[in-house]
Amino acid sequence: MLNSLDLLFISLTFLVFIIGFFIKAKRWKRGQESDRFKNFYESFFSALERIFSHGDLLREKKMGFFHLFLFYLFIVALILILIFHLPIKTPSVIANIQSIVLDLCALIALIGIIYFYYRRISEKNRGFDNKREDFILLVWLLLIFVTGFLMEAVRLKVFKEKAVFAPAGLFFSIFIPSDQDFYPALSQIFWRLHFFLVLSFIAFIPYSKAIHIFLIPLSYIFKNPLPKGAYKLYDLDNSEEFGANKVSELNWKDLMDLDTCVRCGRCQENCPAHLTEKPLSPKKVIQDLKTVLYRSDKDLQSPLVNEDITEEVIFSCTTCRACVENCPAGIEHLDKMMEIKRYLVLMEGSISPEAQLLFKNLERNGNPWGMPASTRGEWAKELDVKFLVEIDDPKSIDFLFWPGCAGAFDDRYSKVVKKLIDIFNKANLKFALLGEEETCCGDPARKLGNEYLYDMLARQNIETMNNYSIKRIVTSCPHCLNTLKQDYSQLGGNYEVISHSEFLLNLVKDGRLNITKNIEGKFVYHDSCYLARYNDIYNEPREIIKKSGLKITEFERRGIKGFCCGGGGGNMFLEEHSPRMNDTRVKQILDSSEGKDLTGIATACPFCLTMMIDGTKTYNREDIAVKDIAEIIYEAL
Ligand code: SF4
Ligand code: SF4
């Protein structure tokens, strides 16, 4: 049992702990207000599910498995300590079960700690930036477990019949001398060591990265309530300051994230910019922002854009969301980088000449290439489809088809949308186009930080669609999908927006489209970031490919770990330095064992289509067909 001195030590430990936490929270308070309580109950229960399932961590199997045991051991140990201090006598059966569960969990956790240590020193190519703190924490935990087992070992020397319920403790008992005279002293020494190691570890938590034990659950609970890909909306008429260049211009959750990061490097490992030698590493951005946050203790004006977080770093991001979705700590990298981008563009006017040209084209002509806006509907003039302006009762249509700028102006992609029109007609659907009344959805402008331009384009489209009382939109462009579905609702545009992947699959399933041919070949499906990570559409495109009769193969970087083609975040219209992401992507496909007898690459995004075609050209592999899923299903009808 604990004596009064022990209770004093425990009180001191919690005091040091609370002071440490308070110091951190004071820093987060420098950030702006952000209402993270909107969907509190939903977020709370989803956080519980994420924490107890360890789903995020288990994507890396070995590491996740050991972390899971460490986590459950922590919980079990807490419960057992509480039970131990209750004034009740535990029945011996329960005590024996407790003993064996705790013993085995502790053994696995101990092996896990050794594995974590080994992983840090052996997997150098993972980009771990090993710091002394990482090893100190591991050794500290190791000592806590070893002293715990030694305490147990001494007990087992006395109560030999208990050994069967503590196999790991039994192993440690070989280190205990057989002379029983030593046992009281040894028992006291191990207990004291264990006790002080545990207390000092608890006191150290807020001053080290072990604080993630508390911050990760908070990070999950207080995640951004906006839909994925939608960003903070500014009151453009009444605001003079945009974006962030000081810690006080980020919000409190953004600042808390900086202390939550455990430097595991998963964001970096999945970042296409980092993997193609661009100056951006999302992990480094978070760490560099943390440096500025700590610098703000002395200088509140310390700039976020500095020698580490440069314009080049920020504009290397394709907004692919791989960092956010793969971060086990729920850190929202993109929210921070977007605010910095907005600061650079709207406050500093720091934009490349190519981006300036893009903005000019979008502003004057409503498309990225500067094609005359009046020609936007020409691609469809000869087709069996009507423009909304020609229809007496626009409400009578089932849906509006939104081809986007690529569908309207890109020669290769307009072949895809023409086939879609044919498919819709085969299925006897009532639909229409906006034609020259449509303008760019605004995605490249918003993702490049030009909120004014995005606002102008978005409001124009919303006004047009609301005038026609549009309720349902089908689009083949995932960037348009995300903008119309997630962003427009912030401006009063509320529509049911459906991707062509989901829509086509439903038509086949409902029997409105009949598959009559079996196409031969072996394809790989390249996930579009805005379809997959942004809108959780992973299976539908694959199912369509399978329905056509094609064999589909999968390879390592897919789904949530899919590798961006390089076209997102407005980068489709900007020059990329070598090595290019699309070339890297095609090389990954061709070099994989599944790539050997591949006949084609399937895509479900106009940017991915262009990028994959360019990539196959780079490697003189034009024998590999690159097709949109709409073209694949069209061939099978
Ligand atoms: S941001 Fe997330 S994924 Fe990246 S290093 Fe930190 S904890 Fe790991
Ligand atoms: S969004 Fe994609 S490109 Fe941007 S930092 Fe994250 S992983 Fe890298």
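For this structure, a couple of remarks:
- Between Ile498, Ile515, Ile537, the distinction of being surrounded by fewer than 24 Cβ atoms within 10 Å (Cβ to Cβ), modelled with pLDDT under 95 and not acidic (Asp, Glu) belongs to Ile515 only.
- Criterion: within 14 Å of ligand 2 (Cβ to nearest atom) and either among the small types (Gly, Ala, Ser) or surrounded by fewer than 16 Cβ atoms within 10 Å (Cβ to Cβ) (or both) - qualifying residue of Gln287, Gln268: Gln287
Listed here are the residues, each with its yes/no results for (1) part of a loop (DSSP other than H, G, I, E, B); (2) buried (at least 21 other Cβ atoms within 10 Å of the Cβ).
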position: Cys565; (1), (2): yes, yes
position: Gly569; (1), (2): yes, yes
position: Glu575; (1), (2): yes, no
position: Asp583; (1), (2): no, no
position: Gln588; (1), (2): no, no
position: Glu594; (1), (2): no, no
position: Asp597; (1), (2): yes, no
position: Ala602; (1), (2): no, yes
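- Number of positions in segment 387-418 that are surrounded by 19 or more Cβ atoms within 10 Å (Cβ to Cβ), out of contact with any Leu (no Cβ under 8 Å at 6 or more places or on another chain) and in a helix (DSSP H, G or I): 7
- Exclusive hit being within 30 Å of Val285 (Cβ to Cβ), touching an Asp or Glu at 6+ places or on another chain (Cβ under 8 Å), touching a residue at least 12 places away in the same chain (Cβ under 8 Å) and not assigned by TED's automatic domain parsing to the domain that holds Ile560, set Arg59, Arg50: Arg50
- Search result, residues across segment 251-277 that are within 15 Å of ligand 1 (Cβ to nearest atom) and in contact with a strand residue (DSSP E or B) (Cβ under 9 Å, 6 or more places away or on another chain): Asp254
- Within segment 349-377, residues that are acidic (Asp, Glu) reach partners that are at pLDDT below 95 and not in a loop (DSSP other than H, G, I, E, B) with beta carbons closer than 9 Å, at six or more positions or on different chains, in the pairs Glu354/Phe573.
- Residues in segment 305-357 that are within 21 Å of Gly566 (Cβ to Cβ), of a type in the set (Ser, Thr, Tyr) and more than 11 Å from ligand 2 (Cβ to nearest atom): Thr310, Ser352.
- Members of segment 283-324 that are closer than 21 Å to Pro444 by Cβ and in a helix (DSSP H, G or I): Glu311, Glu312, Val313, Ile314, Phe315, Ala322, Cys323, Val324
- Tally of residues being more than 48 Å from the chain's Cα centre (by Cα), part of a helix (DSSP H, G or I) and surrounded by 13 or more Cβ atoms within 10 Å (Cβ to Cβ) across segment 164-186: 3
- The set of residues from segment 387-425 being at pLDDT 95 or above and among the basic types (Lys, Arg) comprises Arg412, Lys415, Lys418, Lys419.
The values are calculated or read from the model by the stated rules, or taken from the named source; none is laboratory data. The model shown is predicted, which means the values in this text are computed figures rather than measured ones. For neighbour counting, all protein chains shown are included, and Cβ atoms are generated from backbone atoms with ideal geometry for every residue, glycine included.
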